[in-house]
Every structure is written in C-alpha cells, then in structure tokens.
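Here's the structure, in structure tokens; my notes come after.
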Number of protein chains: 2
Amino acid sequence: MEIFEVNILGCGSAKPTLRHLPSSQIVNIRGKYYMIDCGEGTQIQMQKMRLPMARVGHIFISHNHGDHVFGLPGLISTMALLGRTADLHIHGPQQLQEFLDNIIRIYCEGITFQIIFHPIDTRVHNIIYNDRSVTVWSIPLQHRVPCSGFLFRETPPLPHIRREMIDAFNIPFSQINNIKAGASWTTEDGTVIPNERLVTPAEKARSYAYCSDTAYLPKLKEILQDVTLLYHEATYPEEFAKRAKETQHSTASQAASIAKEAKAEKLCIGHFSARIKNEEELLAEATSIFPNTTLAREGLTLQL
Amino acid sequence: MEIFEVNILGCGSAKPTLRHLPSSQIVNIRGKYYMIDCGEGTQIQMQKMRLPMARVGHIFISHNHGDHVFGLPGLISTMALLGRTADLHIHGPQQLQEFLDNIIRIYCEGITFQIIFHPIDTRVHNIIYNDRSVTVWSIPLQHRVPCSGFLFRETPPLPHIRREMIDAFNIPFSQINNIKAGASWTTEDGTVIPNERLVTPAEKARSYAYCSDTAYLPKLKEILQDVTLLYHEATYPEEFAKRAKETQHSTASQAASIAKEAKAEKLCIGHFSARIKNEEELLAEATSIFPNTTLAREGLTLQL
C-alpha cells in the first residue's frame with residue numbers, strides 16, 4: 001500500500017508544558033506532506049523527526065489561536081532562508097490572514113516563493129483542496145473562534161493487475177492502465193476476458209480526520225462515518241466536563257463517543273490540557289467506550 | 001555577593017539546528033529577570049531551565065529579525081494565560097513595534113496586563129532603563145537592520161559594615177545605612193571615627209554586555225572598557241571572514257579582539273552559524289587572542 005501516515009509533532013494545548021508541544025501534525029500521503037496546524041516549535045520538531053520542510057506544499061490551519069499558528073513565522077522564515085521557490089499554500093479561517101500578511105510584510109522582504117492564502121468557510125463541509133492523491137474536506141467545528149477540522153480522503157487506489165493473466169493473454173503494457181481503470185480484454189479469437197479476471201480488488205480508500213479544537217459535537221458522526229483514523233481533541237477527562245463545555249473543548253469520553261458513533265477504525269486523542277498530569281486516565285476513559293484508541297505523543301507516527 | 005548571572009536560553013543563529021535554539025538570554029540581577037531577545041522556543045526553554053516567567057518585567061530586543069523575536073507571541077500569550085497583572089516592558093528598535101501591536105491586537109483580547117513598548121535609538125549609547133539594581137545602556141551595533149546591544153551596569157554595591165566596630169562604638173541600627181553611604185560616626189565624647197574604619201570596601205560593581213548581531217566594530221572597545229562579562233556574537237570562524245562581513249556578522253577572532261581591546265574579564269561567544277558543526281574551532285580561535293573565553297550553550301548559567 002502506498003504511504004498514508006500521520007506524524008504527531010505536538011499534541012499539547014495552549015499552556016506550554018515540558019511534556020508537550022502545541023498542536024502540529026504532518027500527514028504524509030504518498031510522500032507529499034500536508035501540515036495541519038503549526039504551533040511554536042514546529043520547525044524544530046520537524047528536524048527532530050527528520051521531516052524535510054521542502055516537502056510541505058500545503059498547510060491547513062484549524063483556527064487562529066496562538067497554540068495553532070505561532071510556529072508559522074519561523075517556519076516561513078526558514079523556508080525563505082533555505083531558498084525555497086515552490087509556492088506555499090496556507091488554508092485557514094479568514095481570521096488568520098491578517099497575521100500572515102503582517103509576517104510576510106515585516107519579515108519576508110525579498111522572499112523567493114509565493115505564499116497563497118486560501119480562506120476556509122468554517123461553517124460548511126466542503127472540498128477545500130484536492131490533487132491526484134487526496135481530497136481534503138473542511139469539517140465545521142465549534143470553538144470560541146471560527147474553527148475547521150480536516151478530512152483527508154485518499155483517492156481510491158486502483159485494482160492490482162494479475163500478472164499471470166497478463167502473461168497468459170499476452171496483453172501489451174500499453175493496456176495496463178485501461179485494465180486498472182476497469183476495461184476488459186478481447187483476445188485475438190474474440191473471447192472477452194472480463195475485467196474482474198484480470199485484476200484483484202483495490203485496497204479500500206483510507207481517510208483521516210482531524211478534529212481540534214472543538215466542543216462535543218455529536219453530529220460529527222455523519223461527516224466522520226467509517227473514517228480510518230480519527231484524531232479528536234480530548235483536552236480534559238470527564239470530571240472536567242463542565243470546564244470543557246465552558247471553553248468549548250471535549251473530554252476523552254466525548255472523543256471516544258464520536259469515534260464509536262462514526263464507526264471509525266481507530267481513534268487518537270490529543271490536545272491535552274496542561275492540568276492533566278496522567279494521560280493514562282484519559283486513555284482509560286476513552287478505551288472504555290472505544291477500545292481502539294491511542295494517546296497522541298510527540299514523535300508518534302500512525303500508519304493508516 | 002548578590003546574584004548577577006546570565007542564563008543562555010538560545011545561542012544559535014537564524015537557520016534552526018538541533019544543536020541550538022535561536023537567541024535568548026535571561027540576566028538575573030538580584031532575583032529580577034531581564035530578558036534579552038526572544039527567539040522561537042524561548043518560553044519552553046525557560047521552563048526547562050526553571051526560570052519563572054512572572055519574574056520577567058523587562059525584555060530587551062536587539063533587532064527585529066525573526067530569530068530574535070519569534071518567541072514573543074507565545075511568551076506574551078502564556079503570560080496572559082497565567083493571569084499576569086504586572087506591566088511588561090519591551091525595549092527595542094522602533095521597527096519592532098508593528099509586529100508587537102499586531103500580536104497584541106490579534107491575539108491578546110482581554111489581556112490582563114499592560115505591554116509598554118519603549119523604542120530604542122540604536123544610533124546612540126544611552127541609558128535606556130534603570131532601577132535600584134541596574135542601569136541598562138544601549139550599545140550601537142552595526143547590522144543589516146537597526147540593532148542595539150545592551151550594557152547592564154550593576155548599581156555600585158555599598159561597602160560592608162564592620163560588625164565589630166559597630167559593637168565597639170555602640171552605633172545604633174538606625175545609622176547603618178548612613179554609614180554604608182559614607183558617613184563617619186561621632187562618639188559621645190566627640191571623637192570622630194572616620195567612615196573607612198567602620199566599613200570594608202564594597203565589591204567592584206559588575207557589568208555585562210550583550211553584542212549581537214553585529215559586524216566587527218573595533219570602536220566598541222570604548223563602550224565596553226573593563227566590562228566583567230562580554231557576550232559577543234561569533235557567527236563564523238575566521239575562514240568565513242568575507243561572509244561575516246557581507247552579512248554584517250563577526251568571526252570568533254573579531255569577538256576575541258574586542259574583548260581583549262576592551263580589557264574584559266571574560267568573554268562568551270555565541271550566535272553560531274548552522275554551518276559550523278564543530279564549535280571547538282571557534283573557541284580555539286578566540287582563546288588564542290583572548291584566553292578567558294567560553295562557548296555559549298543552551299542551559300549555561302554564567303556567574304559574574
């Protein structure tokens with residue numbers, strides 16, 4: 001299977017601790033990097049995890065809070081220092097634009113690449129980006145400021161050619177793509193070999209959803225139905241449910257309920273409050289509802 | 001002696017490496033913290049070095065390059081999260097103000113403390129701050145943008161009272177401060193005890209100078225005369241002297257020459273280029289000119 005993995009660079013919340021960095025992830029799909037959020041220290045963490053900056057073409061910012069964006073100035077400056085020429089696309093709520101414009105105007109004189117900002121309408125579930133490998137959808141979240149999650153849907157893989165059938169019927173190389181795309185083959189004597197004899201089925205298309213920061217939103221289960229991996233914030237344990245509601249965050253139980261209702265394959269919880277010294281408590285809470293749960297941590301790579 | 005120490009939080013240059021963080025220091029004078037520069041990651045490094053943020057009242061920014069300022073947004077946000085109420089004073093070249101104003105406007109709604117910006121005239125050697133313990137002077141440096149170094153001069157310590165003389169002459173406690181300030185004492189029979197018999201001399205007032213970033217500026221020796229500790233940038237070894245000149249940085253030899261000419265007691269070199277893999281080379285170069293040289297490193301505390 002082709003690469004589809006999520007690298008956790010930071011999974012803390014706003015108040016910094018020595019246990020966690022603020023939010024940032026790199027989704028690696030077939031060798032291309034899609035960054036999600038960019039808290040302070042992201043560029044250093046990329047170096048630690050040996051994730052080269054040059055591969056990042058698109059950055060998706062969930063919302064305009066410092067712990068999700070304060071790594072951008074340093075990241076952009078370093079890309080400039082490294083002589084980058086490729087465009088850098090930044091997707092985020094409109095609120096982000098002013099900060100970005102200021103950074104570019106004040107610190108990026110003579111910058112050698114274009115930064116293109118794509119505002120996200122955080123109220124709707126829309127396609128915000130697509131390329132050959134992936135389609136990215138916005139996920140309307142509910143937080144103290146306009147906030148969007150992201151759903152990465154891999155382009156459905158093609159079926160696998162059955163080498164022995166190709167050889168048996170002497171099918172020329174030029175026809176391989178057609179057959180992968182569903183074509184049958186007609187032999188010289190006019191026999192039609194149906195496509196399903198020539199291929200084995202493709203792997204199921206995988207998907208990854210990032211939901212942070214958000215209040216508990218049960219209706220997310222619809223958008224997230226059958227997602228392969230769900231990253232959902234779990235800032236607090238259930239005993240802080242009141243505080244979670246006030247600050248528009250979720251508890252570990254709530255994150256697990258979403259995963260269960262959405263029939264996700266796996267759940268990863270993160271965005272841990274600085275108050276929580278023992279995250280195993282969050283894990284226990286989540287797994288009691290949704291067993292296939294992992295705690296996020298800096299340096300973790302999740303394979304889909 | 002009272003505390004006067006310099007904590008190195010970061011001593012790398014603009015391009016991040018896994019060996020160094022960008023520039024930041026905390027000068028601790030009698031328990032009050034004065035921050036110099038604030039590169040990305042400074043707030044985390046403060047936690048690692050157990051330097052509480054609440055003690056920082058004044059931040060001195062040398063110049064408006066990202067590797068000296070991109071830690072400010074996170075630092076200020078965290079101070080707000082921690083419920084700070086004390087004023088925060090930021091001293092820096094006028095060019096810094098726009099970035100600060102933007103951060104405050106965009107990210108600091110409802111902030112519970114005042115941020116007061118004090119522009120520095122980077123062309124002159126002036127007093128820019130003083131309190132009971134210290135006087136801070138600007139040092140005009142030469143870089144690609146307006147840039148100021150900082151000279152911290154400890155308020156001259158008072159002489160030490162000779163306990164045995166106080167007892168011998170029955171001098172009341174209320175007179176101690178006068179005597180420390182230079183007064184003599186007249187006994188009941190009219191004998192004048194001169195001040196120098198009542199005290200032992202004070203320690204010499206200490207001073208610390210921060211010179212980064214700057215081209216080689218021989219005339220700095222005048223301002224820096226007899227400084228106790230000089231931190232001088234040494235971005236490159238002498239073999240990169242041409243590049244140092246072009247980018248308005250200094251070599252290790254140049255830093256050492258300044259220390260020698262200024263008759264500094266100690267030199268600490270930093271702001272190492274990402275190109276330099278072996279900093280011992282820089283140290284060897286500097287010590288051949290000025291033996292009492294130390295390499296800066298993250299976590300280092302220098303006692304004056």
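Every read-out reported here was derived from the displayed coordinates using simple, explicitly stated rules and does not represent laboratory data. Since we're looking at a predicted model, the values are computed, not measured. Note that each Cβ is placed from the backbone with ideal geometry, even for glycine, and that neighbours are counted across all protein chains shown.
Report the full-extension gain for the segment A:N195 to A:E238: residue separation times 0.36 nm, less the Cα-Cα distance, to one decimal in nm.
Details: separation 43, 0.36 × 43 = 15.48 nm, distance 5.25 nm.
Extending this stretch completely gives an extra 10.2 nm.
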- Message: Less than 14 Å Cβ to Cβ from A:I26, Lys/Arg counted +1 and Asp/Glu -1: what total charge do the surrounding residues give?
- Response: +2
- Message: What distance in nm separates the two pseudo spin-label positions at A:R132 and A:K204, each 7 Å out from Cα along the beta-carbon direction?
- Response: 2.7
- Message: Could you tell me the center-to-center distance, by alpha carbons, between region B:269-285 and region A:96-156 in angstrom?
- Response: 40
- Task: With r as the distance between the Cβ atoms of B:Q94 and A:R19 and R0 = 30 Å, compute the FRET efficiency 1/(1 + (r/R0)^6) and round to 0.05.
- Result: 0.15
- Query: What number comes out for the charge environment of A:A205, summing +1 per Lys or Arg and -1 per Asp or Glu over other residues with Cβ under 12 Å away?
  - Reply: -1
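Indicate the gyration tensor shape class of region A:160-200 (rounded, prolate or oblate), computed on the Cα atoms with a ≥ b ≥ c the square roots of the eigenvalues: a/c under 1.5 is rounded; otherwise a/b larger than b/c is prolate and the rest oblate. Numbers along the way, then the final one.
Numbers: a/c = 1.42, a/b = 1.31, b/c = 1.08.
Because its axes are fairly even, with a/c under 1.5, region A:160-200 counts as rounded.
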- Note on the structure: Quick calc: nm separation of the 7 Å Cα→Cβ label points for A:S288 and A:Q175 -> 6.1
- Note on the structure: From the Cα centre of region B:42-80 to that of region B:244-264, the distance in Å is 27
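Mind putting a number on the dipole of chain A about its Cα centre? Charges go on the C-beta only, +1 for Lys and Arg and -1 for Asp and Glu, and I need it in Debye to the nearest 20. Let's see the in-between values first.
Details: 30 positive and 32 negative charges, 56 e Å.
That gives chain A a dipole magnitude of about 280 debye.
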- Query: In nm, what does the list of distances from B:R297 to its counterparts in the other copies look like, shortest first, when each label sits 7 Å along Cα to Cβ?
  - Reply: 2.7
- Lys pairs in chain B, Cα-Cα under 14 Å, at least 8 apart or on separate chains: how many? 6
- Task: Work out from phi, with θ = phi - 60° and the Karplus expression 6.51 cos²θ - 1.76 cosθ + 1.60, the ³J(HN,Hα) of each residue of region A:5-21, listed in order in whole Hz, and give x for Gly and Pro.
- Result: 9, 10, 9, 8, 8, x, 9, x, 10, 5, 7, x, 9, 7, 8, 9, 8
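Would you mind ranking B:E239, B:E188 by Cβ crowding within 10 Å, fewest neighbours first? Walk me through the numbers before you get to the answer.
Working: B:E239 11, B:E188 7.
If I rank by nearby Cβ atoms, fewest first, I get B:E188, B:E239.
Once you order the gyration tensor axes a ≥ b ≥ c over the Cα atoms, which shape class does chain B get: rounded for a/c under 1.5, otherwise prolate or oblate by comparing a/b with b/c? Mind showing how you got there, number by number?
Values: a/c = 2.33, a/b = 1.47, b/c = 1.59.
It is oblate, given that a/c is not under 1.5 and a/b is not larger than b/c.
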- Message: Assume the label is 7 Å from Cα along Cα to beta carbon: what separations in nm does B:P52 have to the matching positions in the other copies?
- Response: 4.7
- 3J(HN,Hα) from dihedral phi, region B:87-94, Karplus parametrisation 6.51/-1.76/1.60, rounded to Hz, x for glycine, proline: 4, 10, 9, 10, 10, x, x, 3
- Message: Rounded to two decimal places and with Rh computed the Kirkwood way over Cα pairs, what is Rg over Rh for the protein assembly as shown?
- Response: 1.12
- Message: If each label sits 7 angstrom from Cα along the C-beta direction, how far apart, in nm, is A:N278 from its counterparts in the other copies?
- Response: 5.0
